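A short write-up of the structure that comes next.
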Amino acid sequence: MDIRSRVRTQADIQEAKTLIAQTHFIYQPFRVTDDLEVGGGYEFINRKPGAGMVYWPAYERERDLFPGPPLKTIDPVLVSEFRDANEALRKVYDGIIDQVCNHINGIDAKSVADIGCFNGYMPVSFALRGVRQAVGYDLDDRSGCFRFLNRVLDTNARFIHAGYDHAIIRRRCIHVGPAAHDGAFSTPPFPAIDHPGSHAFDDQCVGRR
């Protein structure tokens, strides 16, 4: 997702860099500024784990300002390939989201859950498309990513710090209540790249209401 037009201040950039430095905001494809981009597209598509998920040319100069574990940043020589790969990954994600929105009637009245949401690409994208409630679940605390994206994109996606147990999520889906969802899905990275349609959407949840 290209959010450059929505990142307007130095405070926005610093917030993004803080999240990236803490490794909360590195996996899904976001272009924050011309010189700050994250995403696993290059590693996934080229089968080069460890090549880097972050383009941040000033990282070594700035790392003391943004504490966190050492980051493996992408070689600037590879930035064009890095961006092309992330664009391909964006198309996979957006294609999944568009399929769901196009095939589920009344999507603007639905609640959708992303299981293993990482930094929130899917829930925020659903919120941008008018889904009533878009919720992300993750084992790690991604609340900072959701706060940042909701603020700069003017969305209202919700984060829940919880595990991936399908039975638990299924019960949340089919039981009426504040945590109930009409649909739940997950997008494992490698199958999604090889087979863009390979995602799960719980039909029983969709049919609950």
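The values are calculated or read from the model by the stated rules, or taken from the named source; none is laboratory data. Predicted model only: the values in this text are computed from it and were never measured. Cβ: placed from backbone, ideal geometry, glycine included. Neighbour counts: every protein chain shown.
Residue 82 falls short on exactly one of the conditions (1) in the same structural domain as residue 187 (by TED's automatic domain parsing); (2) buried (at least 19 other Cβ atoms within 10 Å of the Cβ), and that condition is (1). Among the candidates 84, 35, the residue that is at pLDDT 95 or above and more than 21 Å from residue 24 (Cα to Cα) is uniquely 84.
Restricting region 20-63 to residues that are without any contact (Cβ under 8 Å) to a residue 12 or more places away in the chain and outside any helix (DSSP H, G or I), the residue that is surrounded by the most Cβ atoms within 10 Å (Cβ to Cβ) is 48.
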